[in-house]
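A.B. asks: Before anything else, here's the structure in question.
The values are calculated or read from the model by the stated rules, or taken from the named source; none is laboratory data. Here the structure is a predicted model, which is why all the values come from computation and not from measurement. Every residue, glycine among them, receives a Cβ derived from its backbone with ideal geometry; neighbour counts consider all protein chains shown. Side chains are part of the model used for accessible areas, which takes the heavy atoms of the whole protein and leaves out ligands, DNA and RNA. Shrake-Rupley method; radii C 1.70, N 1.55, O 1.52, S 1.80 Å.
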Amino acid sequence: MDKVLARGSAAARSRPRAAVVSILAAGAVVTATVAMATSASAGTTLGAAAAEQGRYFGTAVAVNKLSDSTYVGILNREFNMVTAENEMKWDATEPSQNQFTFSAGDRLVAHAQANGMRVRGHALAWHQQQPGWAQSLSGSALRQAMVNHITQVATHYRGKIYAWDVVNEAFDDGNSGARRNTSLERTGSDWIEVAFRTARAADPGAKLCYNDYNTDNWTWAKTQGVYNMVRDFKARGVPIDCVGFQSHFNSGSPYPSNYRTTLQNFAALGVDVQITELDIEGSGSSQATAYGNVVRDCLAVARCNGITVWGIRDTDSWRASGTPLLFDGSGNKKPAYTAALNALNEGGTPPPTTEPPTSEPPTSAPPTSAPPTSPPPGGACTATLTSNQWQGGFVTNVRVTAGASGLNGWTVSLTVPSGAAITNSWSTQPSGTSGAVTFRNVDYNRQVGAGGTTEFGFQGTGTAPTGTPTCAAA
Ligand code: XIL
(Lines give C-alpha, C1' and ligand atoms only; values in the text may rest on other atoms or scores of the structure.)
Protein backbone atom coordinates (compact mmCIF):
# COMPACT_ATOMS: atom_id res chain seq x y z
CA MET A 1 0.00 0.00 0.00
CA ASP A 2 1.48 3.36 -0.89
CA LYS A 3 1.89 6.29 1.45
CA VAL A 4 -0.95 8.34 0.02
CA LEU A 5 -3.32 5.45 0.31
CA ALA A 6 -2.45 4.78 3.93
CA ARG A 7 -2.84 8.44 4.83
CA GLY A 8 -6.15 8.75 3.02
CA SER A 9 -7.62 5.69 4.70
CA ALA A 10 -6.62 6.66 8.19
CA ALA A 11 -7.88 10.19 7.80
CA ALA A 12 -11.14 9.12 6.28
CA ARG A 13 -11.82 6.67 9.05
CA SER A 14 -10.84 8.85 11.96
CA ARG A 15 -12.67 12.04 11.02
CA PRO A 16 -16.24 10.78 11.28
CA ARG A 17 -15.45 9.15 14.61
CA ALA A 18 -14.12 12.37 16.07
CA ALA A 19 -17.14 14.29 14.84
CA VAL A 20 -19.64 11.83 16.28
CA VAL A 21 -18.02 11.66 19.69
CA SER A 22 -17.54 15.39 20.07
CA ILE A 23 -21.21 16.21 19.66
CA LEU A 24 -22.56 13.50 21.93
CA ALA A 25 -23.19 13.71 25.65
CA ALA A 26 -21.05 11.44 27.81
CA GLY A 27 -23.89 8.99 28.39
CA ALA A 28 -24.21 8.27 24.68
CA VAL A 29 -20.57 7.49 24.02
CA VAL A 30 -20.99 3.72 24.25
CA THR A 31 -23.61 3.78 21.50
CA ALA A 32 -21.36 5.98 19.43
CA THR A 33 -18.49 3.55 19.81
CA VAL A 34 -20.56 0.73 18.34
CA ALA A 35 -21.58 2.91 15.40
CA MET A 36 -17.95 3.87 14.87
CA ALA A 37 -16.78 0.31 14.49
CA THR A 38 -19.42 -0.32 11.85
CA SER A 39 -18.71 2.89 10.01
CA ALA A 40 -14.99 2.20 9.75
CA SER A 41 -15.41 -1.10 7.93
CA ALA A 42 -18.62 -0.49 5.98
CA GLY A 43 -17.64 2.77 4.32
CA THR A 44 -20.68 4.76 5.40
CA THR A 45 -19.33 8.04 4.09
CA LEU A 46 -18.11 8.85 0.60
CA GLY A 47 -14.58 9.56 1.79
CA ALA A 48 -14.29 6.44 3.93
CA ALA A 49 -15.78 4.22 1.23
CA ALA A 50 -13.44 5.67 -1.41
CA ALA A 51 -10.45 5.24 0.91
CA GLU A 52 -11.33 1.56 1.29
CA GLN A 53 -10.79 1.36 -2.48
CA GLY A 54 -7.52 3.32 -2.37
CA ARG A 55 -9.28 6.37 -3.80
CA TYR A 56 -10.37 9.76 -2.53
CA PHE A 57 -13.75 11.46 -2.70
CA GLY A 58 -13.56 15.22 -2.92
CA THR A 59 -15.62 18.34 -3.39
CA ALA A 60 -15.18 21.88 -4.57
CA VAL A 61 -15.33 24.26 -1.62
CA ALA A 62 -16.32 27.92 -1.61
CA VAL A 63 -14.20 29.28 1.20
CA ASN A 64 -16.81 31.85 2.26
CA LYS A 65 -19.15 28.97 3.11
CA LEU A 66 -16.80 27.58 5.75
CA SER A 67 -18.87 29.54 8.28
CA ASP A 68 -22.07 27.66 7.29
CA SER A 69 -22.39 24.88 9.83
CA THR A 70 -24.58 22.62 7.66
CA TYR A 71 -22.08 22.96 4.82
CA VAL A 72 -19.03 22.31 6.99
CA GLY A 73 -20.77 19.43 8.73
CA ILE A 74 -21.24 17.61 5.42
CA LEU A 75 -17.80 18.59 4.20
CA ASN A 76 -16.02 17.22 7.24
CA ARG A 77 -18.13 14.09 7.41
CA GLU A 78 -18.08 13.02 3.78
CA PHE A 79 -15.01 14.26 1.93
CA ASN A 80 -11.25 13.68 2.10
CA MET A 81 -10.14 15.89 -0.82
CA VAL A 82 -10.99 19.51 -1.52
CA THR A 83 -10.61 21.88 -4.47
CA ALA A 84 -10.95 25.64 -4.12
CA GLU A 85 -13.92 26.49 -6.33
CA ASN A 86 -12.47 29.90 -7.23
CA GLU A 87 -9.90 30.94 -4.62
CA MET A 88 -6.73 29.62 -6.27
CA LYS A 89 -7.51 30.93 -9.76
CA TRP A 90 -5.39 33.60 -11.43
CA ASP A 91 -7.81 36.49 -10.75
CA ALA A 92 -8.06 35.51 -7.08
CA THR A 93 -4.36 34.95 -6.42
CA GLU A 94 -2.74 37.73 -8.47
CA PRO A 95 -5.25 40.59 -8.69
CA SER A 96 -2.45 43.03 -9.59
CA GLN A 97 0.62 41.92 -11.46
CA ASN A 98 3.17 40.33 -9.15
CA GLN A 99 1.05 41.09 -6.04
CA PHE A 100 -0.20 37.84 -4.66
CA THR A 101 -3.18 37.20 -2.38
CA PHE A 102 -3.23 33.77 -0.87
CA SER A 103 -5.41 34.32 2.17
CA ALA A 104 -8.57 32.56 0.91
CA GLY A 105 -6.66 29.65 -0.57
CA ASP A 106 -4.62 29.38 2.61
CA ARG A 107 -7.82 29.14 4.65
CA LEU A 108 -8.92 26.16 2.63
CA VAL A 109 -5.52 24.47 2.95
CA ALA A 110 -5.62 25.02 6.72
CA HIS A 111 -9.13 23.59 6.95
CA ALA A 112 -8.07 20.58 4.90
CA GLN A 113 -4.96 19.95 6.96
CA ALA A 114 -6.85 20.27 10.23
CA ASN A 115 -9.39 17.71 9.04
CA GLY A 116 -7.23 15.11 7.33
CA MET A 117 -8.16 16.13 3.80
CA ARG A 118 -5.86 16.61 0.84
CA VAL A 119 -6.05 19.49 -1.65
CA ARG A 120 -6.31 19.60 -5.43
CA GLY A 121 -4.93 22.89 -6.74
CA HIS A 122 -7.08 24.62 -9.36
CA ALA A 123 -6.04 26.17 -11.74
CA LEU A 124 -2.68 27.69 -12.72
CA ALA A 125 -3.08 28.60 -16.41
CA TRP A 126 -6.50 29.16 -17.95
CA HIS A 127 -8.03 31.60 -20.42
CA GLN A 128 -10.95 32.22 -18.03
CA GLN A 129 -10.95 34.09 -14.73
CA GLN A 130 -7.78 35.95 -15.54
CA PRO A 131 -7.24 39.30 -13.80
CA GLY A 132 -7.84 42.32 -16.01
CA TRP A 133 -4.16 43.15 -16.27
CA ALA A 134 -3.40 39.71 -17.68
CA GLN A 135 -6.28 39.96 -20.14
CA SER A 136 -4.64 43.04 -21.60
CA LEU A 137 -1.28 41.32 -22.13
CA SER A 138 -0.14 39.33 -25.13
CA GLY A 139 2.96 37.77 -26.60
CA SER A 140 6.08 37.54 -24.50
CA ALA A 141 4.67 39.76 -21.75
CA LEU A 142 1.78 37.35 -21.24
CA ARG A 143 4.05 34.32 -21.50
CA GLN A 144 6.36 35.77 -18.90
CA ALA A 145 3.43 36.69 -16.66
CA MET A 146 2.11 33.15 -16.90
CA VAL A 147 5.48 31.65 -16.00
CA ASN A 148 5.81 34.01 -13.06
CA HIS A 149 2.25 33.27 -11.92
CA ILE A 150 2.78 29.52 -11.99
CA THR A 151 6.14 29.81 -10.26
CA GLN A 152 4.85 32.03 -7.47
CA VAL A 153 1.59 30.19 -6.79
CA ALA A 154 2.99 26.67 -6.99
CA THR A 155 5.96 27.76 -4.85
CA HIS A 156 3.64 29.25 -2.23
CA TYR A 157 1.68 26.00 -1.98
CA ARG A 158 4.69 23.73 -2.47
CA GLY A 159 4.32 20.50 -0.51
CA LYS A 160 0.64 21.13 0.27
CA ILE A 161 -1.01 20.20 -3.00
CA TYR A 162 -1.81 16.63 -4.03
CA ALA A 163 -2.36 17.53 -7.70
CA TRP A 164 -2.43 20.78 -9.65
CA ASP A 165 -4.64 21.53 -12.61
CA VAL A 166 -1.71 23.16 -14.38
CA VAL A 167 -3.55 23.96 -17.60
CA ASN A 168 -7.33 24.14 -17.81
CA GLU A 169 -9.58 23.97 -20.89
CA ALA A 170 -7.00 24.56 -23.63
CA PHE A 171 -8.89 22.66 -26.34
CA ASP A 172 -11.63 23.85 -28.63
CA ASP A 173 -15.17 22.57 -28.54
CA GLY A 174 -16.59 21.29 -31.77
CA ASN A 175 -15.22 18.92 -34.31
CA SER A 176 -11.72 20.17 -34.99
CA GLY A 177 -9.88 18.53 -32.11
CA ALA A 178 -7.71 21.65 -32.23
CA ARG A 179 -6.43 23.86 -29.50
CA ARG A 180 -8.55 26.77 -28.35
CA ASN A 181 -7.52 30.09 -29.85
CA THR A 182 -6.72 32.20 -26.78
CA SER A 183 -4.19 34.85 -25.91
CA LEU A 184 -2.16 32.14 -24.14
CA GLU A 185 -2.18 29.98 -27.27
CA ARG A 186 -1.04 32.97 -29.31
CA THR A 187 2.07 33.31 -27.14
CA GLY A 188 3.30 30.18 -28.93
CA SER A 189 1.94 26.66 -29.10
CA ASP A 190 4.55 25.44 -26.61
CA TRP A 191 2.82 27.37 -23.81
CA ILE A 192 1.23 24.26 -22.32
CA GLU A 193 4.49 22.40 -21.94
CA VAL A 194 6.17 25.52 -20.59
CA ALA A 195 3.40 25.68 -17.99
CA PHE A 196 3.99 22.06 -16.98
CA ARG A 197 7.78 22.42 -16.78
CA THR A 198 7.40 25.57 -14.73
CA ALA A 199 4.97 23.89 -12.32
CA ARG A 200 7.25 20.89 -11.92
CA ALA A 201 10.13 23.20 -11.09
CA ALA A 202 8.10 25.02 -8.45
CA ASP A 203 6.53 21.98 -6.76
CA PRO A 204 8.18 18.69 -7.73
CA GLY A 205 5.99 16.76 -5.27
CA ALA A 206 2.60 17.63 -6.78
CA LYS A 207 1.00 15.58 -9.52
CA LEU A 208 0.56 17.79 -12.57
CA CYS A 209 -2.73 17.46 -14.45
CA TYR A 210 -4.23 18.72 -17.68
CA ASN A 211 -7.94 19.39 -16.96
CA ASP A 212 -10.85 19.83 -19.39
CA TYR A 213 -14.57 19.28 -20.06
CA ASN A 214 -16.31 17.52 -22.95
CA THR A 215 -13.43 15.07 -23.03
CA ASP A 216 -15.47 12.21 -21.54
CA ASN A 217 -16.83 10.70 -24.73
CA TRP A 218 -14.08 8.72 -26.43
CA THR A 219 -15.44 9.41 -29.92
CA TRP A 220 -15.44 13.19 -29.57
CA ALA A 221 -12.79 15.14 -31.46
CA LYS A 222 -11.91 17.16 -28.38
CA THR A 223 -11.16 13.96 -26.44
CA GLN A 224 -8.89 12.80 -29.24
CA GLY A 225 -7.14 16.15 -29.38
CA VAL A 226 -6.29 16.03 -25.68
CA TYR A 227 -5.30 12.37 -25.95
CA ASN A 228 -2.84 13.15 -28.75
CA MET A 229 -1.31 15.98 -26.76
CA VAL A 230 -0.83 13.78 -23.68
CA ARG A 231 0.68 11.01 -25.80
CA ASP A 232 3.08 13.51 -27.35
CA PHE A 233 3.99 14.93 -23.92
CA LYS A 234 4.73 11.46 -22.55
CA ALA A 235 6.84 10.65 -25.63
CA ARG A 236 8.89 13.84 -25.28
CA GLY A 237 9.26 13.79 -21.50
CA VAL A 238 7.10 16.83 -20.77
CA PRO A 239 6.26 16.46 -17.06
CA ILE A 240 2.57 15.51 -17.01
CA ASP A 241 1.24 13.09 -14.39
CA CYS A 242 -2.52 13.13 -14.75
CA VAL A 243 -5.53 14.11 -16.79
CA GLY A 244 -8.56 15.62 -15.09
CA PHE A 245 -12.01 14.99 -16.51
CA GLN A 246 -14.31 17.75 -15.33
CA SER A 247 -17.36 15.68 -16.22
CA HIS A 248 -20.07 18.34 -16.06
CA PHE A 249 -22.89 16.23 -17.42
CA ASN A 250 -26.24 17.50 -18.70
CA SER A 251 -28.53 16.82 -21.62
CA GLY A 252 -26.14 18.49 -24.07
CA SER A 253 -23.16 16.56 -22.75
CA PRO A 254 -24.56 13.45 -21.10
CA TYR A 255 -22.65 10.71 -19.29
CA PRO A 256 -21.33 8.63 -22.20
CA SER A 257 -21.47 4.84 -22.17
CA ASN A 258 -17.83 4.76 -23.32
CA TYR A 259 -16.64 6.84 -20.34
CA ARG A 260 -14.73 3.89 -18.87
CA THR A 261 -13.02 3.35 -22.23
CA THR A 262 -11.90 6.97 -22.22
CA LEU A 263 -10.46 6.70 -18.71
CA GLN A 264 -8.74 3.43 -19.59
CA ASN A 265 -7.22 4.75 -22.80
CA PHE A 266 -5.78 7.82 -21.12
CA ALA A 267 -4.44 5.75 -18.24
CA ALA A 268 -2.75 3.46 -20.76
CA LEU A 269 -0.64 6.44 -21.85
CA GLY A 270 1.04 6.30 -18.44
CA VAL A 271 -0.86 9.04 -16.62
CA ASP A 272 -3.28 8.97 -13.71
CA VAL A 273 -6.85 9.99 -14.38
CA GLN A 274 -9.03 11.94 -11.99
CA ILE A 275 -12.66 13.01 -12.15
CA THR A 276 -12.30 16.60 -11.10
CA GLU A 277 -15.58 18.57 -11.26
CA LEU A 278 -18.36 16.01 -11.40
CA ASP A 279 -21.94 17.20 -11.51
CA ILE A 280 -24.84 15.54 -13.30
CA GLU A 281 -27.96 17.56 -13.98
CA GLY A 282 -31.27 15.81 -13.34
CA SER A 283 -32.98 14.13 -10.42
CA GLY A 284 -34.23 10.89 -9.01
CA SER A 285 -33.26 7.49 -10.32
CA SER A 286 -31.81 8.58 -13.68
CA GLN A 287 -29.41 10.93 -11.93
CA ALA A 288 -28.62 8.25 -9.36
CA THR A 289 -27.86 5.72 -12.09
CA ALA A 290 -25.45 8.08 -13.80
CA TYR A 291 -23.61 8.82 -10.55
CA GLY A 292 -23.32 5.09 -9.84
CA ASN A 293 -21.94 4.52 -13.34
CA VAL A 294 -19.30 7.22 -12.99
CA VAL A 295 -18.13 5.75 -9.67
CA ARG A 296 -17.99 2.21 -11.09
CA ASP A 297 -16.04 3.43 -14.13
CA CYS A 298 -13.44 5.11 -11.95
CA LEU A 299 -13.10 2.06 -9.72
CA ALA A 300 -12.65 -0.15 -12.80
CA VAL A 301 -9.54 1.79 -13.85
CA ALA A 302 -6.55 1.17 -11.61
CA ARG A 303 -5.09 4.61 -12.28
CA CYS A 304 -8.29 6.50 -11.55
CA ASN A 305 -7.23 8.16 -8.30
CA GLY A 306 -10.55 9.55 -7.18
CA ILE A 307 -13.62 11.65 -7.79
CA THR A 308 -14.36 15.27 -6.91
CA VAL A 309 -17.90 16.65 -7.13
CA TRP A 310 -18.28 20.34 -7.97
CA GLY A 311 -20.02 21.43 -4.79
CA ILE A 312 -21.89 19.96 -1.84
CA ARG A 313 -25.60 20.86 -1.93
CA ASP A 314 -27.59 21.57 -5.09
CA THR A 315 -27.88 25.16 -3.94
CA ASP A 316 -24.08 25.44 -3.79
CA SER A 317 -23.73 24.44 -7.45
CA TRP A 318 -22.64 26.81 -10.20
CA ARG A 319 -25.51 25.17 -12.08
CA ALA A 320 -27.96 25.16 -9.18
CA SER A 321 -31.07 25.06 -11.40
CA GLY A 322 -29.94 21.67 -12.73
CA THR A 323 -29.84 20.20 -9.19
CA PRO A 324 -26.69 18.30 -10.19
CA LEU A 325 -25.16 17.36 -6.82
CA LEU A 326 -25.43 14.69 -4.11
CA PHE A 327 -27.17 16.69 -1.37
CA ASP A 328 -30.35 18.76 -1.65
CA GLY A 329 -30.55 22.38 -0.60
CA SER A 330 -31.23 21.38 3.00
CA GLY A 331 -28.22 19.10 3.11
CA ASN A 332 -30.18 15.84 2.85
CA LYS A 333 -28.67 12.91 0.96
CA LYS A 334 -30.27 12.41 -2.46
CA PRO A 335 -30.75 9.09 -4.28
CA ALA A 336 -27.60 10.05 -6.23
CA TYR A 337 -25.66 10.04 -2.96
CA THR A 338 -26.82 6.53 -2.08
CA ALA A 339 -26.00 5.30 -5.59
CA ALA A 340 -22.50 6.76 -5.41
CA LEU A 341 -21.88 5.34 -1.94
CA ASN A 342 -23.19 1.90 -2.88
CA ALA A 343 -21.05 1.82 -6.01
CA LEU A 344 -17.97 2.72 -3.93
CA ASN A 345 -18.75 -0.13 -1.57
CA GLU A 346 -19.10 -2.60 -4.46
CA GLY A 347 -15.35 -2.18 -4.95
CA GLY A 348 -13.24 -2.33 -8.09
CA THR A 349 -9.71 -2.60 -9.36
CA PRO A 350 -7.17 -1.67 -6.70
CA PRO A 351 -4.83 1.19 -7.52
CA PRO A 352 -1.23 0.43 -8.52
CA THR A 353 1.22 0.24 -5.66
CA THR A 354 3.87 2.59 -7.03
CA GLU A 355 4.85 5.59 -4.96
CA PRO A 356 3.75 9.07 -6.00
CA PRO A 357 6.54 11.50 -7.01
CA THR A 358 8.71 12.15 -3.99
CA SER A 359 11.55 14.36 -5.21
CA GLU A 360 12.62 16.99 -2.73
CA PRO A 361 11.16 20.46 -3.17
CA PRO A 362 13.62 23.22 -4.03
CA THR A 363 15.03 25.10 -1.08
CA SER A 364 15.64 28.51 -2.61
CA ALA A 365 13.11 31.29 -2.31
CA PRO A 366 11.57 32.73 -5.47
CA PRO A 367 13.20 35.85 -6.87
CA THR A 368 12.33 39.07 -5.10
CA SER A 369 14.40 41.73 -6.84
CA ALA A 370 12.48 44.21 -8.95
CA PRO A 371 13.49 44.61 -12.61
CA PRO A 372 15.09 47.88 -13.67
CA THR A 373 12.68 50.55 -14.83
CA SER A 374 14.92 53.20 -16.42
CA PRO A 375 16.43 52.86 -19.91
CA PRO A 376 20.17 52.30 -20.14
CA PRO A 377 22.31 55.39 -20.77
CA GLY A 378 23.84 54.34 -24.10
CA GLY A 379 24.40 51.45 -26.50
CA ALA A 380 21.83 49.52 -28.51
CA CYS A 381 20.43 47.55 -25.59
CA THR A 382 21.09 45.94 -22.24
CA ALA A 383 19.86 42.65 -20.80
CA THR A 384 19.36 41.50 -17.23
CA LEU A 385 18.73 38.05 -15.81
CA THR A 386 16.34 36.99 -13.07
CA SER A 387 16.54 33.34 -12.10
CA ASN A 388 14.68 30.96 -9.87
CA GLN A 389 17.13 28.23 -8.90
CA TRP A 390 16.29 24.93 -7.24
CA GLN A 391 18.30 21.80 -6.65
CA GLY A 392 18.98 20.48 -10.13
CA GLY A 393 17.32 23.13 -12.26
CA PHE A 394 16.28 26.70 -12.91
CA VAL A 395 14.03 29.09 -14.77
CA THR A 396 15.65 32.28 -16.06
CA ASN A 397 13.82 35.33 -17.34
CA VAL A 398 15.71 37.83 -19.45
CA ARG A 399 14.63 41.43 -19.78
CA VAL A 400 15.93 43.26 -22.85
CA THR A 401 15.89 47.05 -22.63
CA ALA A 402 16.39 49.04 -25.82
CA GLY A 403 18.72 52.05 -25.89
CA ALA A 404 17.89 55.48 -27.23
CA SER A 405 17.60 54.28 -30.86
CA GLY A 406 15.19 51.40 -30.26
CA LEU A 407 15.65 47.93 -31.74
CA ASN A 408 14.65 46.23 -34.95
CA GLY A 409 15.97 42.80 -34.03
CA TRP A 410 18.28 41.87 -31.15
CA THR A 411 20.51 39.16 -29.74
CA VAL A 412 21.47 38.36 -26.17
CA SER A 413 24.58 36.26 -25.53
CA LEU A 414 25.54 34.52 -22.32
CA THR A 415 27.38 31.48 -21.07
CA VAL A 416 25.46 28.55 -19.66
CA PRO A 417 27.56 27.23 -16.74
CA SER A 418 29.40 23.97 -17.23
CA GLY A 419 27.14 21.00 -16.52
CA ALA A 420 24.00 23.04 -17.07
CA ALA A 421 21.77 22.74 -20.14
CA ILE A 422 18.76 24.59 -21.49
CA THR A 423 15.76 22.29 -21.85
CA ASN A 424 13.13 24.73 -22.99
CA SER A 425 12.73 28.38 -23.96
CA TRP A 426 10.02 30.84 -24.93
CA SER A 427 9.79 34.06 -26.94
CA THR A 428 13.29 33.52 -28.36
CA GLN A 429 15.36 31.31 -30.65
CA PRO A 430 18.46 30.01 -28.85
CA SER A 431 21.54 29.00 -30.85
CA GLY A 432 22.21 26.00 -28.62
CA THR A 433 21.58 24.48 -25.22
CA SER A 434 24.94 24.72 -23.43
CA GLY A 435 28.16 26.72 -23.30
CA ALA A 436 28.04 30.04 -25.17
CA VAL A 437 24.45 30.57 -26.33
CA THR A 438 23.01 33.44 -28.34
CA PHE A 439 19.29 34.14 -28.04
CA ARG A 440 17.67 35.86 -31.00
CA ASN A 441 14.34 37.67 -31.06
CA VAL A 442 11.28 36.00 -32.55
CA ASP A 443 8.92 37.83 -34.89
CA TYR A 444 6.61 39.38 -32.38
CA ASN A 445 9.31 40.84 -30.12
CA ARG A 446 11.71 41.98 -32.86
CA GLN A 447 10.85 45.65 -32.51
CA VAL A 448 11.41 47.42 -29.21
CA GLY A 449 10.93 51.18 -28.97
CA ALA A 450 13.55 53.51 -27.48
CA GLY A 451 13.86 52.73 -23.78
CA GLY A 452 11.23 49.97 -24.12
CA THR A 453 11.56 46.42 -22.88
CA THR A 454 10.73 42.90 -23.93
CA GLU A 455 11.24 39.63 -22.12
CA PHE A 456 12.02 36.05 -22.96
CA GLY A 457 12.94 33.08 -20.87
CA PHE A 458 14.34 29.64 -20.66
CA GLN A 459 14.42 26.69 -18.33
CA GLY A 460 17.23 24.25 -17.73
CA THR A 461 18.93 21.63 -15.67
CA GLY A 462 21.92 22.44 -13.45
CA THR A 463 22.94 25.93 -12.41
CA ALA A 464 21.38 29.08 -13.82
CA PRO A 465 23.62 31.56 -15.67
CA THR A 466 24.57 34.68 -13.74
CA GLY A 467 26.12 38.03 -14.52
CA THR A 468 25.20 40.53 -17.19
CA PRO A 469 24.67 39.12 -20.67
CA THR A 470 25.77 40.90 -23.84
CA CYS A 471 22.94 42.57 -25.72
CA ALA A 472 23.32 43.68 -29.34
CA ALA A 473 21.16 45.06 -32.14
CA ALA A 474 20.73 42.61 -35.01
C1 XIL B 1 -16.81 27.80 -11.89
C2 XIL B 1 -17.21 28.08 -10.47
O3 XIL B 1 -17.94 27.00 -9.98
C4 XIL B 1 -18.05 29.33 -10.41
O5 XIL B 1 -18.28 29.72 -9.06
C6 XIL B 1 -17.37 30.49 -11.13
O7 XIL B 1 -18.22 31.59 -11.20
C8 XIL B 1 -16.97 30.07 -12.53
O9 XIL B 1 -16.18 28.91 -12.47
N10 XIL B 1 -14.67 24.60 -15.23
C11 XIL B 1 -13.75 24.86 -14.24
C12 XIL B 1 -14.20 25.50 -12.99
O13 XIL B 1 -12.59 24.48 -14.39
O14 XIL B 1 -13.20 26.33 -12.45
C15 XIL B 1 -15.47 26.27 -13.17
O16 XIL B 1 -15.89 26.73 -11.89
C17 XIL B 1 -16.51 25.43 -13.83
C18 XIL B 1 -16.05 24.98 -15.20
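A.B. asks: How about segment 68-94: which of its residues are of a type in the set (S, T, N, Q), open to solvent by less than 60 Å² (accessible area, probe 1.4 Å) and closer than 24 Å to Asp314 by Cβ?
C.D. replies: Asn76, Asn80, Thr83
A.B. asks: Within segment 252-270, is there a residue that is within 16 Å of the ligand (Cβ to nearest atom) and either in a helix (DSSP H, G or I) or more than 26 Å from Lys207 (Cα to Cα) (or both)?
C.D. replies: Yes; the residues of segment 252-270 include at least one that is within 16 Å of the ligand (Cβ to nearest atom) and either in a helix (DSSP H, G or I) or more than 26 Å from Lys207 (Cα to Cα) (or both).
A.B. asks: If a residue has to be under 21 Å from Gly174 (Cα atoms) and within 17 Å of the chain's Cα centre (by Cα) to count, how many in segment 194-228 make the cut?
C.D. replies: Of the residues in segment 194-228, 6 are under 21 Å from Gly174 (Cα atoms) and within 17 Å of the chain's Cα centre (by Cα).
A.B. asks: Just checking, which of Asn305, Asn211 is touching a residue at least 60 places away in the same chain (Cβ under 8 Å) and within 16 Å of the ligand (Cβ to nearest atom)?
C.D. replies: Unique residue meeting the criteria: Asn211.
A.B. asks: Now for a different question. Which condition number in (1) touching a Cys at 6+ places or on another chain (Cβ under 7 Å); (2) part of a helix (DSSP H, G or I); (3) within 16 Å of the ligand (Cβ to nearest atom) is the one that Gln274 fails?
C.D. replies: Only one criterion is unmet by Gln274, namely (2).
A.B. asks: What's the number of the condition Gly105 fails, among (1) in contact with a Phe, Trp or Tyr (Cβ under 9 Å, 6 or more places away or on another chain); (2) more than 15 Å from the ligand (Cβ to nearest atom)?
C.D. replies: The failed condition is (2).
A.B. asks: Assess whether His127 counts as being open to solvent by 40 Å² or more (accessible area, probe 1.4 Å), under 27 Å from Ile192 (Cβ atoms) and within 16 Å of the ligand (Cβ to nearest atom).
C.D. replies: For His127, the condition - open to solvent by 40 Å² or more (accessible area, probe 1.4 Å), under 27 Å from Ile192 (Cβ atoms) and within 16 Å of the ligand (Cβ to nearest atom) - is met.
A.B. asks: So Glu281 passes all but one of these: (1) among the acidic types (Asp, Glu); (2) out of contact with any helix residue (DSSP H, G or I) (no Cβ under 6 Å at 6 or more places or on another chain); (3) within 16 Å of the ligand (Cβ to nearest atom). Which condition number does it fail?
C.D. replies: Among (1) among the acidic types (Asp, Glu); (2) out of contact with any helix residue (DSSP H, G or I) (no Cβ under 6 Å at 6 or more places or on another chain); (3) within 16 Å of the ligand (Cβ to nearest atom), the lone unmet condition for Glu281 is (2).
A.B. asks: May I pose another question? Which of (1) surrounded by 23 or more Cβ atoms within 10 Å (Cβ to Cβ); (2) free of Cβ contacts under 8 Å to residues at least 40 places away in the same chain does Tyr162 not meet, given it meets every other one?
C.D. replies: Looking at each condition in turn, Tyr162 falls short on (2).
Yes/no per residue for (1) under 13 Å from Ala474 (Cα atoms); (2) at pLDDT below 90:
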| residue | (1), (2) |
| --- | --- |
| Ser387 | no, yes |
| Gly393 | no, yes |
| Gly409 | yes, no |
| Leu414 | no, no |
| Ser427 | no, yes |
| Ala436 | no, no |
| Thr454 | no, yes |
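Conditions tested, residue by residue: (1) in contact with a Lys or Arg (Cβ under 8 Å, 6 or more places away or on another chain); (2) among the hydrophobic types (A, V, I, L, M, F, W, C).
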| position | (1), (2) |
| --- | --- |
| Glu78 | no, no |
| Asp91 | no, no |
| Gln97 | no, no |
| Phe102 | no, yes |
| Ala112 | yes, yes |
| Asn115 | yes, no |
| Gln130 | no, no |
| Ala145 | no, yes |
| Ile150 | no, yes |
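A.B. asks: Let me ask something additional. Of all residues in segment 202-239, which are among the aliphatic types (A, V, I, L, M) and either in contact with a Cys (Cβ under 6 Å, 6 or more places away or on another chain) or open to solvent by less than 10 Å² (accessible area, probe 1.4 Å) (or both)?
C.D. replies: Ala202, Ala206, Leu208, Val226, Val230, Val238
A.B. asks: Let me ask something else. Looking at this structure, is Ile74 in a helix (DSSP H, G or I) and either under 15 Å from the mean Cα position of the chain (by Cα) or at pLDDT below 95 (or both)?
C.D. replies: no
A.B. asks: Which residue out of Ala154, Ala141, Ala114 is more than 16 Å from the ligand (Cβ to nearest atom) and free of Cβ contacts under 8 Å to residues at least 12 places away in the same chain?
C.D. replies: Ala114
A.B. asks: Given the criterion open to solvent by 60 Å² or more (accessible area, probe 1.4 Å) and either of a type outside the set (Phe, Trp, Tyr) or over 20 Å from Val398 (Cα atoms) (or both), identify the matching residue among Gln97, Gln152, Gln144.
C.D. replies: Gln97 is the lone residue from the list that is open to solvent by 60 Å² or more (accessible area, probe 1.4 Å) and either of a type outside the set (Phe, Trp, Tyr) or over 20 Å from Val398 (Cα atoms) (or both).
A.B. asks: Consider segment 428-440. How many of its residues are open to solvent by 20 Å² or more (accessible area, probe 1.4 Å) and in a loop (DSSP other than H, G, I, E, B)?
C.D. replies: Selection size over segment 428-440: 4.
A.B. asks: I would also like to ask the following. Checking the conditions here, which among Arg296, Arg319, Arg313 is within 16 Å of the ligand (Cβ to nearest atom), over 23 Å from the mean Cα position of the chain (by Cα) and of a type in the set (Lys, Arg)?
C.D. replies: From the options Arg296, Arg319, Arg313, the qualifying one is Arg313.
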